[in-house]
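The values are calculated or read from the model by the stated rules, or taken from the named source; none is laboratory data. Everything numeric in this text was worked out from a predicted model, so none of it was measured. As a convention, Cβ positions derive from the backbone with ideal geometry for all residues, glycine included, and neighbour counts pool all protein chains shown. The area values use the complete protein model at the heavy-atom level, side chains included, leaving out ligands, DNA and RNA. Shrake-Rupley method; radii C 1.70, N 1.55, O 1.52, S 1.80 Å.
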Amino acid sequence: MAYSTIRFSVAEGIARLQLDRPGAANAINGALASELFDAATRLRWDNSVRVVLLTAAGKVFCGGGDIGEFGAWGEDLPEQVARVTHDLHGALTAFAAMDAPLVAAVGGSAGGAGLSLVAAADLVVASTRAKFTMAYTGVGLTPDAGSSFYLARAVGLRRATELVLTNRVLSASEAEAWGLVNRVVDEDALESTCEELVASLASGPTRAYGAARRVLARGASSDLAAALALESETIAATASTTDAREGVSAFVQRRPPRFEGR
């Protein structure tokens, strides 16, 4: 598929995925959702990918759904919204199934589905000028893009409810304090900070990263016995990987490990 609303590349184990509708605040319309689904599916099955960096062109990370396009759909709005969420949710499902960690670099405002994408990332670095708001109920709609799953896990149910019902705008520092983002840096340091982070992750034990992501996601909503059983099963499975053998050997030999992502 040729992309017109995103930019996508893979090199040296690092996939770069950029939302590319800067003139429309990188809002998610039908085309962007479809292209994001296609790119995420490719990432899901590309074993050479060891980390994914999600960025956005322009000054806004993502303004959420394209409300202008929604308005043009008229009576077809329910059907068309269902199509957009089908593709967007398919992309999120593919991201969750990857072994490669998903890192979001947020340089500007993230609203609605943009905030949902931030919540779905494994690690988030934001610039000091980033802002975050849910916005859905402000136009009479309800959250999508995985926010009912990811947002409450990131900030807690009480705070997630406040964000949804009041459309409160969080500053970057507030988002960091609430646990929505991992780190806040000056605007001019965002790119270099993220590049350093993804380079480090790209040299790590990719299969273990993926298994660890799934253990944490499932353990957050399971009882203790189920969580312990899953942990036991997963660590035994990852012990059979090439990287686990290398990691153990490197520790015993007191040298840095050389992980291959296998």
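Are there any pairs with C-beta distances below 6 angstrom linking a residue in segment 168-189 that is touching a residue at least 40 places away in the same chain (Cβ under 8 Å) to a residue that is open to solvent by less than 30 Å² (accessible area, probe 1.4 Å) and in a helix (DSSP H, G or I), with the two at least 6 apart or on different chains, and if so which?
L180/V155; V181/A175; V184/A172; V185/T193
Among (1) aliphatic (A, V, I, L, M); (2) buried (at least 23 other Cβ atoms within 10 Å of the Cβ); (3) under 27 Å from L216 (Cα atoms), there is one condition I28 misses while meeting the rest; what is its number?
(3)
Would you mind stating whether D66 is charged (D, E, K, R), at pLDDT below 95 and surrounded by fewer than 20 Cβ atoms within 10 Å (Cβ to Cβ)? Reasoning before the result, please.
On the way: charged (D, E, K, R): yes; at pLDDT below 95: yes; surrounded by fewer than 20 Cβ atoms within 10 Å (Cβ to Cβ): no.
Against the criterion (charged (D, E, K, R), at pLDDT below 95 and surrounded by fewer than 20 Cβ atoms within 10 Å (Cβ to Cβ)), D66 does not qualify.
Do any helices (runs of 4 or more DSSP H) entirely within segment 130-212 hold 1 or more residues that are of a type in the set (G, A, S), in contact with a Gly (Cβ under 7 Å, 6 or more places away or on another chain) and modelled with pLDDT of 95 or more, and if so, which?
In segment 130-212, 190-202 are the helices (runs of 4 or more DSSP H) which contain 1 or more residues that are of a type in the set (G, A, S), in contact with a Gly (Cβ under 7 Å, 6 or more places away or on another chain) and modelled with pLDDT of 95 or more.
Suppose we keep only residues that are under 16 Å from N167 (Cα atoms) and of a type in the set (V, I, T) within segment 119-149. Which one would you say is most open to solvent (accessible area, probe 1.4 Å)? Write out each step before concluding.
Let us first name the residues in segment 119-149 that are under 16 Å from N167 (Cα atoms), namely 119, 130-144, 147-148.
If we keep only those that are of a type in the set (V, I, T) too, we end up with 133, 137, 139, 142.
Details: T133: 30, T137: 52, V139: 82, T142: 104 Å².
Ranking the candidates gives T142 first.
Look at segment 33-81 and say how many of its residues are touching a residue at least 24 places away in the same chain (Cβ under 8 Å), of a type in the set (A, V, I, L, M, F, W, C) and over 18 Å from G138 (Cα atoms).
Total meeting the criteria: 15.
Specify the residue that is nearest to R129 (Cα to Cα); the eligible residues are those in segment 143-175 that are acidic (D, E) and over 16 Å from the mean Cα position of the chain (by Cα).
By that ranking, first place goes to E174.
Just one of (1) hydrophobic (A, V, I, L, M, F, W, C); (2) open to solvent by less than 60 Å² (accessible area, probe 1.4 Å); (3) within 30 Å of A57 (Cα to Cα) trips up V169, so point out which.
Here V169 clears every test but (2).
Out of all the residues in segment 227-239, is one or more polar (S, T, N, Q), within 30 Å of K131 (Cβ to Cβ) and either open to solvent by 40 Å² or more (accessible area, probe 1.4 Å) or over 17 Å from the mean Cα position of the chain (by Cα) (or both)?
Scanning segment 227-239 turns up no residue that is polar (S, T, N, Q), within 30 Å of K131 (Cβ to Cβ) and either open to solvent by 40 Å² or more (accessible area, probe 1.4 Å) or over 17 Å from the mean Cα position of the chain (by Cα) (or both).
Considering each of A120, A100 in turn, give the residue that is hydrophobic (A, V, I, L, M, F, W, C), touching a Phe, Trp or Tyr at 6+ places or on another chain (Cβ under 6 Å) and under 20 Å from L197 (Cβ atoms).
From the options A120, A100, the qualifying one is A120.
Kindly check whether there is at least one residue in segment 69-81 that is crowded, with 16+ Cβ neighbours inside 10 Å and closer than 20 Å to C194 by Cα. Write out each step before concluding.
First, the residues of segment 69-81 that are crowded, with 16+ Cβ neighbours inside 10 Å: 69-70, 80-81.
Restricting the remaining residues to those that are closer than 20 Å to C194 by Cα gives none.
Within segment 69-81, none of the residues are crowded, with 16+ Cβ neighbours inside 10 Å and closer than 20 Å to C194 by Cα.
Is it the case that segment 52-62 has a residue that's more than 17 Å from G111 (Cα to Cα) and surrounded by 17 or more Cβ atoms within 10 Å (Cβ to Cβ)? Outline the logic, then answer.
Restricting attention to segment 52-62, the residues satisfying the condition of being more than 17 Å from G111 (Cα to Cα) are 52-53.
Imposing the further condition that a residue be surrounded by 17 or more Cβ atoms within 10 Å (Cβ to Cβ) reduces the set to 52-53.
For segment 52-62, residues more than 17 Å from G111 (Cα to Cα) and surrounded by 17 or more Cβ atoms within 10 Å (Cβ to Cβ): present.
Within segment 213-221, identify whether any single residue is more than 25 Å from I14 (Cβ to Cβ), surrounded by 12 or more Cβ atoms within 10 Å (Cβ to Cβ) and not acidic (D, E), and answer yes or no.
yes
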